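Here's the structure, in structure tokens; my notes come after.
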Amino acid sequence: MKSLTYRLKRWKKRLTAMVLSGLLITGTVMLPAQRAEAVDAWAAAAQALGVLAAYNSSLSSILAIGNNVNAQVQSRSQDEQENGLDPNHHDIAVVNGVMKQLVAKGDYVLKANSLPFTWMVNNSKEFNASCYPTNYVSINKALVRGLNLDPDELAAVLAHEMTHGIEQHSAHNYAKAVAQYYGMSFLNMDAGLADWGKLNALVNYSIAKNVTLPTEYDADAGGFYIMTSAGFNPGGGAAAMNRMAYYLTYETQNVLEYQDLDPKQKNQENYNDHPDTDLREKKLAQMMTDYGAGHVTVKDRKDVYIDGQKLLSVSWTGDGADNTAENAYYVAGALAKAFHDYADSSSWDFRSDGDGGLTCLADTRVNQILHQFLSSEKAGARLQQLVTSAYVSESASGARQKLLSEEQARQKKQDEAREAVILADAKAVKKMRENADTYSDYGQGDKALFQMNRVFAAKNPENEAENYAIRGRARAVMGDFQQALVDSDKAIALNAKDVYNFLNRADVYRMMGNRDAALNDLAQAKKVDKDNPYSYLMTAQIRDEMADRAAALADYKELYRLRPNAFRDIPAEYLKDISAKDYATVQKEKDEARKKLEKQIKDEKKAADKKPAAAGDKKKK
């Protein structure tokens with residue numbers, strides 16, 4: 001409501017600048033001659049240098065971008081421009097289902113200066129996903145396919161990315177990287193680091209190992225609890241790492257992604273800012289065990305044990321890559337989830353499987369692999385015996401109490417984080433409301449209502465009347481016009497001197513198709529503040545919709561008088577009668593955009609014509 005086109009362009013420039021600065025810091029360089037010991041010495045020295053100002057300045061800038069809806073929208077736009085959209089609708093449907101479940105059911109708390117998550121599956125062939133500082137999650141098609149569209153493995157990876165956003169890792173890592181770069185440049189020449197090639201190399205190495213790497217462990221742990229609280233299989237994280245290791249060894253076509261199976265090669269110094277997949281698999285498998293009160297373990301990536309007693313061995317299923325380990329983690333994960341969720345064996349619902357054996361637990365996707373192997377291995381009775389014994393042993397081992405204590409500690413931290421958002425200062429609450437209004441500008445009513453729910457929960461509401469006005473507009477965007485008018489009327493009743501309360505209700509009426517009521521509110525808005533440009537903009541747009549060109553032109557002229565820089569918001573047919581100079585500018589921009597598009601299409605066609613035919617096509621010829 002309060003944002004014109006030129007504001008979006010300003011944020012686009014700022015975001016682009018930050019992206020470019022990130023590329024400068026993390027660009028690929030030659031491997032350094034120095035080993036980790038030299039880097040550690042440098043890191044210690046850098047901490048003693050005066051780089052705090054650089055850190056704080058960078059952090060503040062990136063956090064501001066991360067809390068701006070226009071920047072979030074631009075994040076997706078840039079991703080789409082660079083990588084394209086995944087053309088496979090099934091890929092998108094699976095990812096959307098996983099992300100919606102994580103966002104709606106996962107136990108997490110966004111900070112007061114964070115935006116709700118948005119996401120997209122792009123058409124990149126690189127095995128990757130990332131979370132921008134704006135909480136936009138970019139998901140590459142290659143990752144979706146590399147994980148075989150498995151919902152639980154995708155949930156583990158995407159919850160990992162969500163954790164980066166929740167903890168604002170990108171902002172803090174960028175700021176630390178800037179500080180380390182400055183710190184390195186200040187080191188004494190005698191340290192042997194004056195060579196700028198070595199300098200840049202050591203900076204990149206230190207950033208990868210000392211800044212980014214620790215946050216990857218944090219994201220694995222945080223992602224585990226988000227995905228399990230959302231109802232996914234606790235074995236999904238370990239399964240994803242196992243599948244990822246296979247992909248990075250046997251399937252990737254990118255040399256920078258390749259992972260050597262030789263342990264000696266894995267231990268070489270490198271610039272990798274992610275932990276080794278084997279190590280991540282072990283840690284996530286242990287988290288799965290802990291989640292199930294310590295009862296369930298996987299050995300040799302195929303044998304499932306309960307309290308040290310073997311239940312069954314899984315095998316390779318399907319026609320694709322060897323998925324034995326993934327099957328083991330899913331069997332164990334289903335059992336761990338049951339131990340976590342139920343305090344006694346009676347809740348497991350042991351029953352006949354109709355084929356002479358026993359089965360248990362609900363017939364859901366999370367338990368599907370467990371049911372499959374209980375049947376094929378005839379292990380139902382064995383499971384019932386082991387489960388019964390496991391619960392009996394808990395009183396002596398204290399396993400259940402340990403699990404509950406850990407859960408309570410995590411819940412306490414979550415409650416403290418929620419309370420911090422509720423106690424956010426008035427400035428932060430105002431920004432939440434402004435972001436909600438911008439989401440409505442983009443037609444994203446669900447995100448706008450999410451923001452307004454946080455605003456109404458806050459102890460420092462800042463502007464109660466405007467809060468109702470913005471929520472009313474968000475409800476109208478969602479199509480709930482009855483409640484939208486209730487909120488809009490409440491806003492005006494609380495403060496009839498705020499022009500934006502009338503402007504927002506006018507917008508609600510406009511969305512309802514009640515133009516006369518909208519024009520009445522806009523007329524009232526002009527009386528409250530004759531110099532507010534939005535009342536003239538909206539009036540002109542409505543008059544144009546009603547084919548009253550003369551009246552529309554009069555309001556567009558007044559808009560131009562008040563805000564000359566907003567000339568791009570005026571349709572060309574009116575602008576040519578208002579400002580010949582600005583009309584010429586707009587036409588020139590359109591012509592340049594058209595030529596650029598034509599050139600892009602021509603270049604893409606030329607590249608496609610030069611592309612060599614596939615092996616199958618050559619045979620046909």
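Residues that are more than 25 Å from Thr364 (Cβ to Cβ) and in contact with a strand residue (DSSP E or B) (Cβ under 7 Å, 6 or more places away or on another chain) are absent from region 89-97. Restricted to region 590-615, and to residues there that are over 18 Å from Gln81 (Cβ atoms) and part of a helix (DSSP H, G or I), the residue that is modelled with the lowest pLDDT is Ala615. In region 66-95, the qualifying residues are those that are under 14 Å from the mean Cα position of the chain (by Cα) and aliphatic (A, V, I, L, M), and the one that is farthest from Phe450 (Cα to Cα) is Val95.
Residues in region 345-383 that are in a helix (DSSP H, G or I), surrounded by fewer than 16 Cβ atoms within 10 Å (Cβ to Cβ) and either at pLDDT below 95 or not small (Gly, Ala, Ser) (or both): 3 in all.
Per-residue answers, yes or no, for (1) buried (at least 23 other Cβ atoms within 10 Å of the Cβ); (2) touching a residue at least 60 places away in the same chain (Cβ under 8 Å):
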| residue | (1), (2) |
| --- | --- |
| Gln451 | yes, yes |
| Glu462 | no, no |
| Arg471 | yes, no |
| Gly479 | no, no |
| Leu503 | yes, yes |
| Arg515 | no, no |
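Cβ-Cβ distances below 8 Å connect the following pairs, each with a first residue in region 378-405 that is touching a residue at least 12 places away in the same chain (Cβ under 8 Å) and under 30 Å from Asp355 (Cα atoms), a second residue that is surrounded by 15 or more Cβ atoms within 10 Å (Cβ to Cβ) and among the β-branched types (Val, Ile, Thr), and a separation of six or more residues or different chains: Gly380/Thr359; Leu383/Ile306; Leu386/Ile306; Val387/Ile306; Ala390/Ile306.
When region 114-145 is limited to residues that are of a type in the set (A, V, I, L, M, F, W, C) and within 13 Å of Asn67 (Cα to Cα), the one that is surrounded by the fewest Cβ atoms within 10 Å (Cβ to Cβ) turns out to be Phe117. Of all the residues in region 319-367, those that are over 31 Å from the mean Cα position of the chain (by Cα) and in contact (Cβ under 8 Å) with a residue 24 or more places away in the chain number 10. Here Arg515, Arg471, Arg505 are screened, and the one residue that is under 21 Å from Ala112 (Cα atoms), out of contact with any strand residue (DSSP E or B) (no Cβ under 8 Å at 6 or more places or on another chain) and not aromatic (Phe, Trp, Tyr) is Arg471. Going through (1) touching a residue at least 24 places away in the same chain (Cβ under 8 Å); (2) more than 26 Å from the chain's Cα centre (by Cα); (3) not in a loop (DSSP other than H, G, I, E, B) one by one, Ala428 falls short only on (2). If you filter region 297-338 down to residues that are small (Gly, Ala, Ser), in contact with an Asp or Glu (Cβ under 9 Å, 6 or more places away or on another chain) and closer than 19 Å to Phe232 by Cα, you find that the one that is surrounded by the fewest Cβ atoms within 10 Å (Cβ to Cβ) is Ala325. The test for being assigned to a helix (DSSP H, G or I) and either out of contact with any helix residue (DSSP H, G or I) (no Cβ under 6 Å at 6 or more places or on another chain) or at pLDDT below 95 (or both) holds for Leu485.
The values are calculated or read from the model by the stated rules, or taken from the named source; none is laboratory data. Because the structure is predicted, anything quoted here is derived from the model rather than measured. Methodologically, a virtual Cβ is constructed for each residue, glycine included, from the backbone with ideal geometry; neighbour enumeration extends over all protein chains shown.
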